[in-house]
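The values are calculated or read from the model by the stated rules, or taken from the named source; none is laboratory data. Given the structure is predicted, the values throughout are model-derived calculations rather than measurements. Cβ atoms come from the backbone with ideal geometry, glycine included; neighbour counts cover every protein chain shown.
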């Protein structure tokens, strides 16, 4: 048995993770655009707000398998990117320096929910240091 054989066996037994379809990408972008508006207004985005946007965009709940929390958190991160694309230069100009911008960015990113919900698959493949 080669030193790579156990990796091949693990990979063969691992569940197949589907590649997100263009519809999935469009739904995530739709959620991100809705959340970006909340970020621009300084509103806290809680798990309920995120869930409602995801259910609307995906046409179902996480319980039915229409989406999972990993996708929801990615939509939140995409919202932050959209926010920075729209307001980043103005925020930097107002802050005066990249160092002075950091607390502002921390505050905005703090408006998003933390990654506390994990699927069984995420738990199974969690790397512990």
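Just one of the numbered conditions (1) at pLDDT 95 or above; (2) farther than 26 Å from residue 46 by Cβ is not true of residue 86: (2). Among residues of the stretch 52-65 being in contact with a helix residue (DSSP H, G or I) (Cβ under 7 Å, 6 or more places away or on another chain) and either outside any loop (DSSP other than H, G, I, E, B) or modelled with pLDDT of 95 or more (or both), the one that is farthest from residue 104 (Cα to Cα) is 58. The lone criterion from (1) assigned to a helix (DSSP H, G or I); (2) farther than 26 Å from residue 106 by Cα left unmet by residue 85 is number (2).
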